[in-house]
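For reference, the structure discussed in these notes is given below.
Bear in mind that the values in this text are calculations on the coordinates, not laboratory data. As the structure is a prediction and not an experimental result, all values here were calculated from the model. Please note: Cβ atoms are built from the backbone with ideal geometry, for glycine as well, and neighbour counts cover all protein chains shown.
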Amino acid sequence: MADIDARPGRVRPAPENFLTAEQIAAVKDGRRDFLRKAFLAAAAAMAAPTAVRAASEGDPAILNLPPWSTSLGLPVAANPYGMPSRYERGLRRRESPGLTRVGGSSVAFTPLQGLFGIITPSGLHFERHHQGWHDVDPSKHRLMINGLVRTNAVFTMDDLMRLPSVSRIHFIECGANTGMEWGNVAVPTVQYSHGMLSCSEFTGVPLKEILDMCGADYEKGRYVLAEGADGSSMTRTIPMELIESGEVFVAYGMNGEMLRPENGYPLRLVVPGVQGVSWVKWLRRIEVGDKPWATKDEAVHYIDLMPDGLHRQYTSVQECKSVITTPSGGQLLLDKGFYNISGMAWSGRGRITRVDVSTDGGINWREARLETPVLSKAVTRFNIGWVWDGKPAILQSRAEDETGHVQPSYGQLRKVRGTRSIYHNNAIQSWKVVESGEVSNVQVL
Amino acid sequence: MSRFCKTLIVLGILAAAAPAAAFDRYPGIGRAATEAEVSAWDIDVRPDFTGLPKGSGDVDRGMELWEAHCASCHGSFGESNEVFTPIAGGTTLQDIETGRVAALIDGSFPQRTTLMKVPTVSTLFDYIQRAMPWTAPKSLAPDDVYAILAYLLNLGEIVPADYVLSDENIHEVQARMPNRNGMTTEHGMWPGAPASSGGIGNGGKPDVVNVVCMKDCKEKVEIASALPDYAQDAHGNLAEQNRPVGQTRGKPTGAPEPAEGSDARAAASALALAKEKGCMACHGVEKGIVGPGYNEIAQKYRGQADAAAKLAAKVKAGGQGVWGAVPMPPQGHVADGDIERLVEWILQGAKAQ
């Protein structure tokens, strides 16, 4: 290592990531200047092997030419399938400790705190499996259509990929997203509070085309059952109305490539606006029927417990919701001054029409800028400038969709649904900022 | 017209005349399914028992099957909360009368068990048949499913101990399901036709109406809940879960993550493998869950030269009796190399860090 270290201007990870115990204490005490000190110390260390230039001369990152400016870089195809920079390694899917006890029936959350725009990188798409995942051999995968159809039919992947295709951008959110927060704050960051949300461009064939080919009985058959090829053979009931509208499609593509195995390779159902559990992965069968099925995930799980002890069954739509991702829980603001408050908004009922942002816990609001594209049943990115004066603040966002539905507060939602529902929590999220710059998860009624 | 074109036309006519006439819009794509194919996959059972296979099974047989296939995760009496939420418990004879589980109303039972929630017995049959046992789904014959379901229903006192459950009498059981009247579809979150037109729900009417207020919307801000101190570090070091550049940094909390290539990383990956293969469902590191703890196993086999081979064989073939009556099922889904790696890790103390 020594010979490498001796090279001038050796690349070191950003010093802020390697805080000492004293520096951590400094954060907790509300002192913020440690970051600047840490930076200066690291800059000095970086330049140590050569002559240390006086700080007054300028930024060592400019004055000492880095190796990427003074040496030969790597050849093409050094990584035949490209990966993110090593400096991005912190942004990965993570489990929430203690949430589940079996990895095959668990959740890995998307690091929303690090995402830009509206598309979730495929490798960071959240995972939820019911009995583990497999890398299914696409040449052995089949889609069967049966039930109230003139001809029970079988399609290979070759068949499906020959049919006319559509590509559409949609969000997918687990019905249990933010479910840990129904009663009280339980998790520190937006990854764990909202990270069962992803948004991708999916490519595939409208299910209506396929059902038409099979001669579906649309008069009697008002429901379809979607079934997966995994061990759990996950099943969910979908209303025929969503299929007739042309919205529901069987997808093999995601963000320009095939679906990832964790997301249902080689075929999954896309049910825009509806909770993720209905987007059945490794889709092997569609049955047309005249009644809903009350499957395990419609009769034991994904049912919302109401205050009167009744469970709501067949709750499927993901209602209007938004969250600020920067700054968000578990982060530190570096200093006073300008920040670009940025977040995501989405609705299972259509397009987002506006997002308002408050920095005082919901007393006053300002309308945020919606970035294009603004698509139906897709994530919309919003941004708004904010000059932090170093005083305590509470950041909130509130979305409205094209049906006129405005995202509710925790107080409003709990009045109707209580705190035991688990599913479909679309309440306004609050992030508290204190003088030290530390941002944390709080709930405001 | 060339011969080639004529040939294409003839082929087109042939395709249209073939049995798959429904597919004429996209010639050459898709084919009719055979009856055997449909029955191999069409295994779903609806609440009206459409799709229910013929068969029967009694509570005693169900108990034997339960011990062999189910107890390792769910506990002997479906009570275990170690791996999955409990299946049985929380229901009363009164609930069986009313069809409403009282504990869901007053919150008097600590968990929500399967029997407290499930309104339809068909759901249980369907799910056991398609997805159980955990590591060998779809391996149970219909009679086995009836027997296991009979045992499970007996745990909730829904059927007596001498009951023989069958396709003939399962509708009687439906009339005794403790939460059969516990569901409502009165909500706006079904995206299809509403109940008023023969569908489900109220047609999309939201529960809550918020308004766009922009100024002086309330007098004061009350924080109802904040992250408890004990939860600050529960998700690891947040500094390492954020980008090292940009508007913000992650707050340093918890323990740092082990570096690539370190011993700790290797141990962490063995632990990850144990989790991935479902081992941690039944075994803890220090103490047992339904099977023995890894350190207990290492202790027992310490100093035995053939310990690794012996344990690998046990993992592969399953076993019973060394640590009690609950059997360990054969772990056929774990590759030999992975078993060796896991056994080595266990014998070296199953260190996570």
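What's the FRET efficiency of A:Lys220 with B:Thr98 using the Cβ-Cβ distance as r and R₀ = 41 Å, to the nearest 0.05?
With a Förster radius of 41 Å, E is 0.75.
Would you work out which of B:Gln174, B:Val59, A:Ile145 lies farthest towards the positive end of the dipole of the protein assembly as shown? Charges go on Cβ: Lys and Arg +1, Asp and Glu -1.
About the Cα centre, the residue reaching furthest to the positive side is A:Ile145.
Which far-off residues, 5 or more places away or on another chain, put their amide H under 5 Å from the one on B:Met132, with H placed in the peptide plane?
Those qualifying (amide H under 5 Å, at least 5 residues apart or on another chain) are B:Lys138.
Relative contact order for chain A: what is it in percent, counting Cα pairs under 8 Å that are at least 6 residues apart?
15
What does the C-alpha gyration tensor say about the overall shape of the stretch A:235-371? Classify as rounded when a/c is under 1.5, otherwise prolate if a/b is larger than b/c, or oblate.
prolate
In nm, to one decimal, how far is the A:Asp389 label point from the B:Gln232 one, both placed 7 Å along Cα→Cβ?
Roughly 2.8 nm, to one decimal.
Any idea what the dipole of the stretch A:158-216 comes to, in debye rounded to 20, about its Cα centre with Lys/Arg Cβ at +1 and Asp/Glu Cβ at -1?
100
Show which lysines lie in cross-link reach of A:Lys391 when reach means a straight Cα distance below 30 angstrom and same-chain residues fewer than eight apart are skipped.
Of all the lysines, those that pass the test against A:Lys391 - Cα under 30 Å, at least 8 places apart if same chain - are A:Lys28, A:Lys37, A:Lys321, A:Lys336, A:Lys432, B:Lys215, B:Lys218, B:Lys220, B:Lys251.
Along the stretch A:166-171, what does the Karplus equation 6.51 cos²θ - 1.76 cosθ + 1.60 (θ = phi - 60°) give for ³J(HN,Hα), rounded to whole Hz, x for Gly and Pro?
10, 10, 9, 9, 9, 7
Quick one: order A:Lys415, A:Lys432 by neighbouring beta-carbon count within 10 Å, fewest to most.
Final ranking by Cβ density, sparse to dense: A:Lys415, A:Lys432.
Percent antiparallel among DSSP beta bridges with both residues in chain A, to the nearest 5?
So the antiparallel bridges amount to about 95 percent of the total.
B:Asp48 to B:Tyr26: FRET efficiency via 1/(1 + (r/R0)^6), r the Cβ-Cβ distance, R0 35 Å, to the nearest 0.05?
Efficiency at R0 = 35 Å is approximately 0.50.
Considering every residue in A:324-332, what mean count of other chain Cβ atoms within 10 Å of its Cβ is obtained?
The per-residue average across the peptide is 5.
Could you check the spin-label model distance between B:Val285 and B:Asp306? Points 7 Å from the Cα along Cα→Cβ, value in nm.
With each label placed 7 Å out from Cα toward Cβ, I get 3.1 nm.
Please report the spacing between the Cα centers of the stretch B:275-353 and the stretch A:288-303 in Å, no decimals.
38
Put +1 on the Cβ of every Lys and Arg and -1 on every Asp and Glu Cβ in the stretch B:263-347; which of B:Ala309, B:Val343, B:Gly291 then has its Cα farthest towards the positive end of the dipole?
Projecting each Cα onto the dipole axis, the largest value belongs to B:Gly291.
Would you order A:Arg366, A:Arg222 from fewest to most other beta-carbon atoms within 10 Å of each residue's own beta-carbon?
Ranked by crowding around the Cβ, least crowded first: A:Arg366, A:Arg222.
Quick one: Karplus J couplings for the stretch A:365-378, per residue in order, coefficients 6.51, -1.76, 1.60, θ = phi - 60°, nearest Hz, x for Gly and Pro?
Once θ is set to phi - 60°, the couplings for the stretch A:365-378 become 10, 10, 7, 7, 8, 8, 7, 7, x, 9, 10, 5, 6, 10 Hz.
Put +1 on the Cβ of every Lys and Arg and -1 on every Asp and Glu Cβ in the stretch A:359-420; which of A:Ser409, A:Gln396, A:Val374 then has its Cα farthest towards the positive end of the dipole?
Value computed over the given set: A:Ser409.
Check the straight Cα-Cα distances from B:Lys277 and name the aspartates and glutamates below 19 Å, setting aside those fewer than 8 residues away within the same chain.
A:Glu95, A:Glu127, A:Asp135, A:Asp230, A:Glu262, B:Glu82, B:Glu286, B:Asp336, B:Asp338, B:Glu340, B:Glu344
Taking the Cα centre of chain A as origin, sum charge times position over the Cβ atoms of Lys and Arg (+1) and Asp and Glu (-1), and report the length of that vector in debye to the nearest 20.
It comes to approximately 480 debye.
Calculate one ³J(HN,Hα) per residue across the stretch A:139-150 by plugging θ = phi - 60° into the Karplus curve 6.51 cos²θ - 1.76 cosθ + 1.60, and present them in order as whole Hz with x for glycine and proline.
Once θ is set to phi - 60°, the couplings for the stretch A:139-150 become 6, 10, 8, 10, 10, 9, 10, 8, x, 7, 9, 5 Hz.
Please compute the Kirkwood hydrodynamic radius over the stretch B:45-186, one decimal place, Å, based on all pairs of different Cα atoms.
Mean inverse Cα-Cα distance, inverted, gives 15.0 Å.
How many percent of DSSP beta bridges within the protein assembly as shown run antiparallel, rounded to 5?
95
What's the extension gain from B:Cys217 to B:Ala255 if we count 0.36 nm per residue and subtract their Cα-Cα distance?
Between B:Cys217 and B:Ala255, full extension yields 9.5 nm more.
Within a 10 angstrom radius of the beta carbon, how do B:His187, A:His424, A:His141, B:His171 rank from fewest other beta carbons to most?
B:His171, A:His141, B:His187, A:His424
Would you work out the charge dipole size for the protein assembly as shown about its Cα centre, treating the Cβ of every Lys and Arg as +1 and the Cβ of every Asp and Glu as -1, and quote it to the nearest 20 debye?
For this selection, approximately 1820 debye.
Between A:Asp308 and B:Ile105, what is the label-point separation in nm under the 7 Å Cα-to-beta-carbon projection?
Between B:Ile105 and A:Asp308, the label points sit 1.1 nm apart.
Which of the trypsin sites (Lys or Arg not before Pro) found in the stretch B:52-159 are loop residues per DSSP with 15 or fewer other Cβ atoms within 10 Å of their Cβ?
B:Lys54, B:Lys138
Can you give the mean number of other chain Cβ atoms that lie within 10 Å of the Cβ atoms in peptide A:110-122?
What the average comes to for A:110-122 is 1.
Pull out a ≥ b ≥ c, the square roots of the eigenvalues of the alpha-carbon gyration tensor of chain B, then state rounded if a/c is under 1.5, prolate if not and a/b is larger than b/c, and oblate in the remaining case.
rounded
Please label the shape of the stretch B:263-347 as rounded, prolate or oblate, based on the square roots a ≥ b ≥ c of the eigenvalues of the alpha-carbon gyration tensor (a/c under 1.5 means rounded; beyond that, a/b larger than b/c means prolate, else oblate).
rounded
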